[in-house]
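**Q** Below you will find the structure I want to go over with you.
The values are calculated or read from the model by the stated rules, or taken from the named source; none is laboratory data. Predicted model, so just to flag it, every value in this text is computed and none were measured. Counting neighbours? That spans all protein chains shown, and the Cβs are built from the backbone with ideal geometry, glycine included. SASA here: full protein model, heavy atoms, side chains in, ligands and nucleic acids out. Shrake-Rupley method; radii C 1.70, N 1.55, O 1.52, S 1.80 Å.
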Amino acid sequence: MARAAVSGRLTWRVASVAENRAITASARSLVFDVPGWPGHLPGQHVDVRLTAEDGYSVQRSYSIASAANGDRVELAVQRVADGEVSPYLCDVLNAGDQVELRGPVGGWFVWRATDPAPVLLVAGGSGIAPLMAMIRSRAEQGSRVPFRLVYSVRTPQDVYFADELRQRAREDAGLDVHLVYTREAPEGAPAPKRIGVATLNTHGWPPDFTPNCFVCGPTGFVEAVADILVALGHDPRRVRTERFG
Ligand SMILES: Cc1cc2nc3c(=O)[nH]c(=O)nc-3n(C[C@H](O)[C@H](O)[C@H](O)COP(=O)(O)OP(=O)(O)OC[C@H]3O[C@@H](n4cnc5c(N)ncnc54)[C@H](O)[C@@H]3O)c2cc1C
């Protein structure tokens, strides 16, 4: 699969929307059928290209949220209110509509099931997308590598894939999920706060376990979390980041 993923990465393919459903009030899951999809590694992304009738064309990157699964690719798109592309993907595309898609792209921000190191995933908002692909791939491949997810969201309503995450964490002792709320916390949870040293000390892995750390979200979030991890003693080479801009 890895070889196919490399050779097919520069090809634009016609992708048809199989499903477009809400995952939160401001984000949608888009599942595409992509004939000839070469497969992907969890953490990789695709470029999506839209072309208007007058030839105007625009493209954006989106992380793949699904584990490799035949010709299907799932994206999790956050609607940026004044954005050019994301409102179109979220609100205009219907089942059967077509876009062009190129990928998979990226070879650094990927998790390989053959790597036995424990994994720390730190997501902010839609940054959960590539980390979800890792969680799903781990389950699909029957991996026992221990995973910890620290996921920062504004409110309980903003958790992507909430039911699935809850169920996976309940059924799999090797997967810990810790939610951090920045604006409004549910009853019984600690007051809203941002991820800090204490959070990652408690819910991450000690640096001497030499975990692989994957951090994804908006640029400011990623930089703050990566700085904390390095200050806690994690080897910067094991702190991999993906910035959504
Ligand atoms: C590797 C990678 C993976 C990504 N994965 C995901 C993902 O899984 N899910 C996801 O939701 N997003 C993801 N993104 C972000 C995504 O690519 C888009 O940036 C996002 O969807 C916004 O695109 P847009 O066209 O809707 O907004 P844009 O039109 O690009 O606008 C974005 C913001 O920038 C502002 N802006 C635009 N142009 C200007 C300008 N000229 N001057 C000042 N401000 C301006 C807009 O007001 C808006 O607030 C990823 C990005 C990267 C690089």
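**Q** When the range 126-162 is examined, which residues are found to be more than 14 Å from A27 (Cβ to Cβ) and assigned to a loop (DSSP other than H, G, I, E, B)?
**A** Q141, G142, S143, R144, V145, P146, listed by residue number.
**Q** Return the total of residues in the range 59-87 being surrounded by fewer than 17 Cβ atoms within 10 Å (Cβ to Cβ) and more than 7 Å from the ligand (Cβ to nearest atom).
**A** Looking only at that region, the number is 6.
**Q** Please find, among W12, W37, W108, the residue that is more than 16 Å from the ligand (Cβ to nearest atom), hydrophobic (A, V, I, L, M, F, W, C), touching a strand residue (DSSP E or B) at 6+ places or on another chain (Cβ under 9 Å) and farther than 23 Å from E164 by Cβ. Full working, then the answer.
**A** On the way: W37 fails: farther than 23 Å from E164 by Cβ; W108 fails: more than 16 Å from the ligand (Cβ to nearest atom).
Sole residue among the options that is more than 16 Å from the ligand (Cβ to nearest atom), hydrophobic (A, V, I, L, M, F, W, C), touching a strand residue (DSSP E or B) at 6+ places or on another chain (Cβ under 9 Å) and farther than 23 Å from E164 by Cβ: W12.
**Q** Which one is farthest from the ligand (Cβ to nearest atom) among residues in the range 125-148 that are farther than 20 Å from H45 by Cα and either open to solvent by less than 40 Å² (accessible area, probe 1.4 Å) or among the basic types (K, R) (or both)?
**A** Across the range 125-148, the extreme among qualifying residues is R144.
**Q** Of everything in the range 88-98 that's among the hydrophobic types (A, V, I, L, M, F, W, C) and open to solvent by 10 Å² or more (accessible area, probe 1.4 Å), which residue is nearest to the ligand (Cβ to nearest atom)?
**A** V92
**Q** Then there is this: Checking the conditions here, which among A113, A117 is within 17 Å of R240 (Cβ to Cβ), without any contact (Cβ under 8 Å) to a residue 60 or more places away in the chain and not in a strand (DSSP E or B)?
**A** A113
**Q** Here's something else I'd like to know. Note down all Cβ pairs under 9 Å where the first residue falls in the range 155-177 and is of a type in the set (D, E), the second is in a loop (DSSP other than H, G, I, E, B), and they're at least six residues apart or on different chains.
**A** D158/A25; D158/S26; D158/R183; D176/P146
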